[in-house]
Amino acid sequence: MNGIIGKKIGMTSIFNEDGRNISCTIVEAAPNVVTQVKSEDTDGYSAIQLSHGEAKAKKGRTSKALQGHFDKAGTTPKRKSIEFRDCTLDKSLGDTVAISDIFEEGDIVRAIGKSKGKGFQGVVKRYNFRGVGDATHGQHNRLRAPGSIGAASYPAKVVKGMRMAGRMGGDRVTVKNLQVVRILEDKNLLLIKGAIPGHKGSIVVIEK
Amino acid sequence: MDLIKYATEQCSVANELPTFRPGDNVNVSYRIVEGDKERIQKYRGDVLQIKGHGLTKTFTVRKMSNGVGVERIFPFASPNIVSVDVLKRGKVRRAKLYYLRELVGKKAKIKERKFISKK
């Protein structure tokens, strides 16, 4: 699958040709560098590894092992490296991959990002439980309670996977069937219809 | 933020509309696409309010249609607006003319702003 690593900039809305106002997410994807090419013979599968963004220059930020890895590709240390399996791009080590190499306006793509962290949340927000639903009729301070979590002496335990309160967000989320609305090549921007997981400035992968 | 601004500017076409204010009587020509047919609908009424800024700036036009008040909200940036003709300049003392919604008949009439040339 072909893809590119980018940065989520934020959202805006534009009018399309039909005069409809559509909301889009702006993704900045400066040309990625090919830092490794894996092939069937040497690695057992074919893939290319793309790297995006400049790593912080401070000493010790990039380990010697990684430094050597980037030196091999003839590039500076990067912030994020991601592998794309079965990539059809004809690129070799050290080449750059730009938006226009992969995407065209109107393409259907999928976006992968890390969703915003929500902290410790109850079941109503985390799993869309409905809560108790009644403030009166004997209810007291359990408006958003989960209710029963199982039977009593048999099975005498809470079954695994029971949905309860806990940490929410910060997961890898894929959104499929998004459309590329516009490509602004001079600033390496992709406008994608709809929302993309993650906060502003977070790293997102756009795949086709 | 700058990149958002840049992208928004790149993707929007500036609509050149005449300046008008709340209280003005305008005729909006709006392009309507039905299947593959296209026609222009005219909508005439008083501007009730102008709100928002940038791409989301809109204006509301109110008219009486068969005794029923009708309000339509148009985005300034909409490419479907063909033109806006200002027919009358109204004399009003507020930016939002919500009070017109309560009034009918002669009371809902807006006085015209007269321009007297200084000699």
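The values are calculated or read from the model by the stated rules, or taken from the named source; none is laboratory data. Treat the numbers as computed from the prediction; the structure is a model and nothing was measured. Ideal geometry is used to build each Cβ from the backbone, glycine not excepted, and the neighbour counts take in all protein chains shown. Please note that ligands, DNA and RNA were not included when accessible areas were found on the heavy atoms of the full protein model with its side chains. Shrake-Rupley method; radii C 1.70, N 1.55, O 1.52, S 1.80 Å.
Looking across B:G105, B:G23, one residue alone is open to solvent by less than 20 Å² (accessible area, probe 1.4 Å), farther than 29 Å from A:I22 by Cα and of a type outside the set (A, V, I, L, M). It is B:G23.
Can you name the residue in region B:63-92 that is more than 23 Å from B:L17 (Cα to Cα) and not β-branched (V, I, T) and, of all such residues, is nearest to the other protein chains (Cβ to nearest Cβ)? My answer is B:S65. Tallying residues that are under 12 Å from the mean Cα position of the chain (by Cα) and of a type in the set (S, T, N, Q) within region A:109-138 yields 1.
Taking strands (runs of 3 or more DSSP E) as the structural unit, those lying wholly within region A:150-208 and holding at least 2 residues that are within 14 Å of chain B (Cβ to nearest Cβ) and under 21 Å from A:S81 (Cα atoms) correspond to A:189-193. Criterion applied to B:E9, B:E71 was being outside any helix (DSSP H, G or I), of a type in the set (D, E) and open to solvent by 50 Å² or more (accessible area, probe 1.4 Å), and the one residue passing it is B:E71.
Among what's in region A:122-143 and is among the charged types (D, E, K, R) and open to solvent by 80 Å² or more (accessible area, probe 1.4 Å), pick the residue that is farthest from A:G169 (Cα to Cα). Quick ask: steps written out before the conclusion?
At the first step, the residues of region A:122-143 found to be among the charged types (D, E, K, R) are A:125-126, A:130, A:134, A:142.
Restricting the remaining residues to those that are open to solvent by 80 Å² or more (accessible area, probe 1.4 Å) gives A:125, A:130, A:142.
Working: A:K125: 11, A:R130: 19, A:R142: 24 Å.
If we take residues in region A:122-143 being among the charged types (D, E, K, R) and open to solvent by 80 Å² or more (accessible area, probe 1.4 Å), then A:R142 is farthest from A:G169 (Cα to Cα).
Restricting attention to region B:12-21, does a residue exist that is within 14 Å of chain A (Cβ to nearest Cβ) and in a strand (DSSP E or B)? Looking through region B:12-21, none of the residues is within 14 Å of chain A (Cβ to nearest Cβ) and in a strand (DSSP E or B).
Within the bounds of region A:13-33, is there any residue that is of a type in the set (D, E, K, R), without any contact (Cβ under 8 Å) to a residue 24 or more places away in the chain and over 30 Å from B:K5 (Cα atoms)? Talk me through it step by step, then tell me what you get.
Taking region A:13-33 first, the residues of a type in the set (D, E, K, R) are A:17-18, A:20, A:28.
Retained after the next criterion (residues that are without any contact (Cβ under 8 Å) to a residue 24 or more places away in the chain): A:17-18, A:20.
In the following step, the residues that additionally are over 30 Å from B:K5 (Cα atoms) were identified as none.
No, region A:13-33 contains no residue that is of a type in the set (D, E, K, R), without any contact (Cβ under 8 Å) to a residue 24 or more places away in the chain and over 30 Å from B:K5 (Cα atoms).
Here B:T60, B:T56 are screened, and the one residue that is open to solvent by 40 Å² or more (accessible area, probe 1.4 Å) and either among the basic types (K, R) or under 26 Å from B:T8 (Cβ atoms) (or both) is B:T56.
Taking the conditions exactly as written (modelled with pLDDT under 90, part of a loop (DSSP other than H, G, I, E, B), open to solvent by less than 30 Å² (accessible area, probe 1.4 Å) and not polar (S, T, N, Q)), does B:A77 satisfy them or not?
Values: modelled with pLDDT under 90: yes; part of a loop (DSSP other than H, G, I, E, B): yes; open to solvent by less than 30 Å² (accessible area, probe 1.4 Å): yes; not polar (S, T, N, Q): yes.
Criteria met by B:A77.
In region A:72-90, the count of residues that are in contact with a helix residue (DSSP H, G or I) (Cβ under 9 Å, 6 or more places away or on another chain), within 14 Å of chain B (Cβ to nearest Cβ) and under 17 Å from A:K208 (Cβ atoms) is zero. If you go through region A:1-41 and keep only what is surrounded by fewer than 21 Cβ atoms within 10 Å (Cβ to Cβ), within 14 Å of chain B (Cβ to nearest Cβ), of a type in the set (A, V, I, L, M, F, W, C) and not in a strand (DSSP E or B), you end up with just A:A30. Evaluate region A:7-28: report whether one residue or more is farther than 30 Å from B:P79 by Cβ and of a type in the set (A, V, I, L, M, F, W, C). No, every residue in region A:7-28 fails to be farther than 30 Å from B:P79 by Cβ and of a type in the set (A, V, I, L, M, F, W, C). What residue, among those in region A:44-76 that are in a helix (DSSP H, G or I) and open to solvent by less than 60 Å² (accessible area, probe 1.4 Å), is nearest to A:C87 (Cα to Cα)? Within region A:44-76, the match that is nearest to A:C87 (Cα to Cα) is A:A73. Within region A:144-178, restricting attention to residues that are open to solvent by less than 70 Å² (accessible area, probe 1.4 Å) and closer than 17 Å to A:I5 by Cα, which residue is farthest from the chain's Cα centre (by Cα)? Out of the qualifying residues, it is A:L178.
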